[in-house]
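Here is the structure we will look at.
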Amino acid sequence: MKKELGVHPYLFPMPVLMIATYGDDNVVDVMNMAWGGICAENMVSLNIDEDHKTSENIKKRGAFTLSIADIPHIEAADFFGIASGNKMPDKFERSGLSAVKSEKVNAPIVQEFPLTLECRVVEDKMEVYGHHIIGEIVGVLADEAVLDEKGKVDAAKLNAFVFDQFRSGYYAIGEKVGQAWHTGAPLMKK
Ligand SMILES: Cc1cc2nc3c(=O)[nH]c(=O)nc-3n(C[C@H](O)[C@H](O)[C@H](O)COP(=O)(O)O)c2cc1C
């Protein structure tokens, strides 16, 4: 039996993305974002409420970085989704995390997060549903600790977690259960 639940943005898992930007005087701001992701080989898409400090910063600087939040920094990651740089000028400072300027774009890199995409804004639109941004990925930085022996990111080492849009939980990512383009291959031979 299926139950009708109405209209909700119900997908699972949702990512926990950390969007870092510079405000005036290079004040670092970071926000927590679930409604963003990869939309092309070298592009990411962001959906931001235009009241957020991040929205203003991106409009002014034309750049941002997007990092994967990890469990060791879950408190700061959630805090970045509660506090606003508009009302709390020392928001980033309070998190206890540190940032350096990206060498490729006009945006900060949060040093504690394990994987960061450096992005340059290529499309910036106000839509009926909010501020929609497309960023071109111009660089990717990973902590050496999350790389395997071949230099690829090992997802298990990221310690990432996902967001549950149904009951607002954060969930650790579980064990590997398959290999894309291989697990379904036996059915190709039937
Ligand atoms: C789990 C989670 C996911 C969120 N996803 C989004 C999102 O996709 N888009 C958005 O505009 N705000 C989202 N928010 C809310 C912002 O992170 C929050 O309003 C934040 O205070 C904005 O910070 P800023 O004003 O410093 O930019 C999310 C918050 C949480 C906790």
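Mind checking whether some residue in region 24-32 is outside any loop (DSSP other than H, G, I, E, B), touching a Leu at 6+ places or on another chain (Cβ under 8 Å) and not hydrophobic (A, V, I, L, M, F, W, C)? Looking through region 24-32, at least one residue is outside any loop (DSSP other than H, G, I, E, B), touching a Leu at 6+ places or on another chain (Cβ under 8 Å) and not hydrophobic (A, V, I, L, M, F, W, C).
Beta carbons closer than 6 Å, at least 6 apart along the sequence or on distinct chains, pair a first residue in region 1-16 that is among the β-branched types (Val, Ile, Thr) with a second that is part of a loop (DSSP other than H, G, I, E, B) and surrounded by 10 or more Cβ atoms within 10 Å (Cβ to Cβ) for Val16/Ala69.
If I ask for residues that are without any contact (Cβ under 8 Å) to a residue 60 or more places away in the chain, in contact with a Ser or Thr (Cβ under 8 Å, 6 or more places away or on another chain) and within 6 Å of the ligand (Cβ to nearest atom), which ones from region 18-32 would you list? Within region 18-32, Met31 is the sole residue that qualifies. Scan region 73-91 residue by residue and report those that are among the aliphatic types (A, V, I, L, M) and either within 9 Å of the ligand (Cβ to nearest atom) or on the phi > 0 side of the Ramachandran plot (or both). Those that are among the aliphatic types (A, V, I, L, M) and either within 9 Å of the ligand (Cβ to nearest atom) or on the phi > 0 side of the Ramachandran plot (or both): Ala77, Ile82, Ala83, Met88. Somewhere in region 113-132, is a residue within 16 Å of the ligand (Cβ to nearest atom), surrounded by fewer than 13 Cβ atoms within 10 Å (Cβ to Cβ), within 20 Å of Pro15 (Cα to Cα) and not charged (D, E, K, R)? There is at least one residue in region 113-132 that is within 16 Å of the ligand (Cβ to nearest atom), surrounded by fewer than 13 Cβ atoms within 10 Å (Cβ to Cβ), within 20 Å of Pro15 (Cα to Cα) and not charged (D, E, K, R).
Read-outs: derived from the displayed coordinates by stated rules, not from any lab. On a predicted model such as this, the values are computed, not experimentally measured, just so you know. A quick note on method: Cβ atoms are made from the backbone with ideal geometry, for glycine too, and the neighbour counts reach across all protein chains shown.
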